[in-house]
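Here is the structure we will look at.
The values are calculated or read from the model by the stated rules, or taken from the named source; none is laboratory data. Here the structure is a predicted model, which means the values were calculated and not measured. Glycine also receives a Cβ, built like all others from the backbone with ideal geometry; neighbour counts cover every protein chain displayed. The protein model used for the area step is the full one, side chains on, heavy atoms only, and it has no ligands, DNA or RNA in it. Shrake-Rupley method; radii C 1.70, N 1.55, O 1.52, S 1.80 Å.
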Amino acid sequence: MADIELTTAIQTLGHTQALKDGTVQPRGFAFRFEEVSPIIKAFRRMVRGLEFDISEMALTTYICAKSHGKRFTALPIFVVRAFHHGAILVNAKSGITDPRQLEGGKVGVNRGYTVTTGVWARGIMQDEFGVDLSRVTWVLSGDEHVEEFRPGSNVVSMPQGQTLEAMLLAGELDAAIGVASDHPDLRPLIPDATERGFKLLAEQGHYPINHTIVVKDELLQAQPGLAQNIYDAFDQAKQLYLARLSKGEITSPTKADQTYARVMQTLEDPLPYGLEPNRAMVETVIRYAREQQIIDRPFTADELFVPVQA
């Protein structure tokens, strides 16, 4: 395996930088990185064409892909995490102040119905605020990475030539999820969204996962030690990043760096890898995928991830 190069598509993040610049060298193989920007294009290419040996992938894209028999499997490496209470925007002039007011209305979703931010945001609306998701019409601005996926009858496409932001401002949508906007008339539906996320982390351990790492099944089957070697390399790179983060040595911290630094006040490791420390969150997103009709049968967490020694 020592001479094998594996085509790899991942973002350059604080905790992957040491992989990208060669500071951390994996055992038994070499990464051959292909830069894909934005990284969501890599998800689509992997799902539809198996174009990479190793790829970053949104978690619910992966779960949906797995339900349609795609030939790759995830490792319990969770490279992006985020809080999603602030992802739901409303028009401040609409009078909508409670998520339950969205029942009977239309809510835009950036890109596809299976987008992970949308899944988490809908789960928040349901679990925390009692919204009946089946009574909302979900309006998509794009299509799905998993071509075979067919959403329910209450999922429709946005009219051509429109944007979710413009529709929200015009009152044609009651809310929108995952729309980046600095328009003064648009505000988060849930007040104090950031603080609410950190409060749930501290009180309930609620810490949503957005992205994982997938590997072609043929490689995992041919090389039984490959999964562990990949996992170890990602973990080593992460440890270097966390050492710098904890010492305040990151000179121009990104928003993600700032979030992870604050999470360290609650969790020693703000980017836990391995299945066991993440089992509850994985099981939650599987439940959401089932309840939101993204998959037609529940997976177990163990079915979705290659076992590794964390």
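Some notes on this structure:
- In segment 179-236, residue least open to solvent (accessible area, probe 1.4 Å) [restricted to those that are assigned to a loop (DSSP other than H, G, I, E, B) and of a type in the set (S, T, N, Q)]: Ser181
- Screening Arg196 against (1) of a type in the set (Lys, Arg); (2) without any contact (Cβ under 8 Å) to a residue 40 or more places away in the chain; (3) within 23 Å of Ile96 (Cα to Cα) leaves a single unmet condition, (2).
- Scanning segment 286-310 for residues that are open to solvent by less than 30 Å² (accessible area, probe 1.4 Å), of a type in the set (Gly, Ala, Ser) and more than 21 Å from Gly112 (Cβ to Cβ) turns up just one, Ala301.
- Residues of segment 256-281 that are among the aliphatic types (A, V, I, L, M) and either in contact with a Pro (Cβ under 8 Å, 6 or more places away or on another chain) or free of Cβ contacts under 8 Å to residues at least 60 places away in the same chain (or both): Ala261, Val263, Met264, Leu275, Met281.
- Contact map, segment 104-126: first residue farther than 18 Å from Val146 by Cα, second residue of a type in the set (Gly, Ala, Ser) and open to solvent by 10 Å² or more (accessible area, probe 1.4 Å), Cβ cut-off under 6 Å, separation 6 or more or different chains; pairs are Ala121/Ala87.
- Enumeration of residues in segment 287-297 that are over 15 Å from His206 (Cβ atoms) and either in a helix (DSSP H, G or I) or in contact with a strand residue (DSSP E or B) (Cβ under 7 Å, 6 or more places away or on another chain) (or both): Ala289, Arg290, Glu291
- Residue match in segment 273-285 (condition: open to solvent by 40 Å² or more (accessible area, probe 1.4 Å), part of a helix (DSSP H, G or I), under 23 Å from Ala9 (Cβ atoms) and not basic (Lys, Arg)): no
- Restricting Glu144, Glu165, Glu148 to residues that are in a loop (DSSP other than H, G, I, E, B), crowded, with 16+ Cβ neighbours inside 10 Å and among the charged types (D, E, K, R) narrows the list to Glu144.
- Unique residue being without any contact (Cβ under 8 Å) to a residue 24 or more places away in the chain, touching a Leu at 6+ places or on another chain (Cβ under 9 Å) and of a type in the set (Gly, Ala, Ser) when the list is Ser157, Ser153: Ser157
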